[in-house]
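Engineer: Sharing a structure, written as structure tokens. Questions coming.
Readers should treat all values here as calculations from the given coordinates under stated rules, not as data from a laboratory. Everything quoted here is computed from the prediction, not taken from an experiment. Note that each Cβ is placed from the backbone with ideal geometry, even for glycine, and that neighbours are counted across all protein chains shown.
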Amino acid sequence: MDVQEATAEGAVSAENGEVKRDGKKQFSMGPQDVLEGKLIYDGSVHADGRLEGEVRVSGNIDVANGANVKALLEGSNVTLKGNVEGMVTARDKLTLGRNARLSGDIQVRRLQIDDGATLNGNVRMGDFEHQASGQ
Amino acid sequence: MSIRRPDSRRPTPTPTTEENGTNNGQRNSVVLGPNDRLVGQLYIEGDLRVAGTVEGQLEATGDIEIAGAGKVKGDVTAYNRLTVGGDASLIAQEVRVARLTVADGATFSGKVSMGKHVARAAVPKPAEERVAPPVDEPVAEPVPVVIEEAKPKAKRR
């Protein structure tokens, strides 16, 4: 697969890409946006539209309702409301909202699944052995 | 072939769900309280609520709720919904459910399969267990009695 790396300052237009919130960086996608590749980001990511590849962030990841994600996701708090296919790692908490559909293995410290969410995959809970980290 | 019973012999009522402590025609429901403990397999036609400790396989045709400080170690199959409460814990190899709710704070691990449930044959059907208790009268007891009487005839009537 063709992999491109987007760093904090790169690749994304200012208005859409980087938003300051509480002094922390946020990478924000809209419903029409498409990201293919690998993103390693020091901040949080709001994923919408279509996302394929791999996303590893120091902050939080949230996937909007209606978004389509086929990616490996790793973040502190991960909140899913859309469709996600791929492995998910939440260093703190993973939340599956009522419209979330997740197929993939997950590793979390805390887990919340709301009624209506769909999950197919293996759940591992507990402390983290360092597994193939991209950091 | 039609069978007509004389009025004097009325059919014995078949056991209904009332026997299991549920009220009038509601779904069958079984509760394991905080001090209850189960080791083995359990199949329930109805709902199951676990606030105690379970080691083994659980299967219910309705909902399963692991509530309070309930702890389950073993596979869980709920034809409808599985709820794991915030202080509860479920450590499984396989979790097969139609719907799933996990509260923040819960301990949860295992392979989750969601969607249309296909009943599997792994867990024995409940038929034998239901009949068992009344039949189980002191049939095994006579052994000491025979020794005491020490008669050549096996039984006297």
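Engineer: With only Lys, Arg, Asp and Glu charged, each at its Cβ (+1 for the first two, -1 for the last two), find how big the charge dipole of the stretch A:82-130 is about the Cα centre; round to the nearest 20 debye.
Structural biologist: Details: 7 positive and 7 negative charges, 23 e Å.
Taking the Cα centre of the stretch A:82-130 as origin, the dipole is about 120 debye.
Engineer: Using R₀ = 35 Å, calculate the FRET efficiency as 1/(1 + (r/R₀)^6) where r is the Cβ-Cβ separation of B:ASP36 and A:ASP105; round to 0.05.
Structural biologist: On the way: r = 33 Å, r/R0 = 0.94.
Here the calculated transfer efficiency is 0.60.
Engineer: Quote the FRET efficiency, to the nearest 0.05, computed for A:SER58 versus B:ALA98 with a Förster distance R0 of 22 Å and r equal to the Cβ-Cβ distance.
Structural biologist: Numbers: r = 37 Å, r/R0 = 1.67.
For A:SER58 and B:ALA98, the calculated efficiency is 0.05.
Engineer: Which of the three applies to the stretch A:15-125, rounded, prolate or oblate, going by the alpha-carbon gyration tensor with a ≥ b ≥ c and a/c under 1.5 meaning rounded?
Structural biologist: Values: a/c = 1.63, a/b = 1.36, b/c = 1.20.
It comes out prolate by the Cα gyration axes.
Engineer: Starting from 0.36 nm per residue, how many nanometres of slack lie between A:GLN32 and A:ASP92 once their C-alpha separation is accounted for? All intermediate terms of the calculation are to be shown ahead of the outcome.
Structural biologist: On the way: separation 60, 0.36 × 60 = 21.60 nm, distance 2.91 nm.
Full-extension gain reported as 18.7 nm.
Engineer: Now for a separate question. Do any trypsin sites (Lys or Arg not before Pro) in the stretch A:63-131 lie in a DSSP loop with no more than 16 other beta carbon atoms within 10 Å, and if so, which?
Structural biologist: Working: sites: A:LYS70, A:LYS81, A:ARG91, A:LYS93, A:ARG98, A:ARG101, A:ARG109, A:ARG110, A:ARG124; in loops: A:LYS81, A:ARG98.
In loop regions of the stretch A:63-131 (DSSP not H, G, I, E or B), the sparsely surrounded trypsin sites (Lys or Arg not before Pro) are A:ARG98.
Engineer: Taking only C-alpha pairs under 8 Å that are 6+ residues apart, what is the relative contact order of the stretch A:15-125 in percent?
Structural biologist: Relative contact order, the stretch A:15-125: 15 percent.
Engineer: Take every DSSP beta bridge whose two residues both sit in the stretch A:15-125, then give the antiparallel share in percent to the nearest 5.
Structural biologist: The antiparallel proportion sits near 10 percent.
Engineer: Let me ask something else about it. Taking a threshold of 21 Å on the Cα-Cα distance, which of the pairs A:LYS24/A:LYS93; A:LYS25/A:LYS70; A:LYS81/B:LYS73 fall above it?
Structural biologist: Values: A:LYS24/A:LYS93 19 Å; A:LYS25/A:LYS70 23 Å; A:LYS81/B:LYS73 29 Å.
Where the Cα-Cα span goes over 21 Å, the pairs concerned are A:LYS25/A:LYS70; A:LYS81/B:LYS73.
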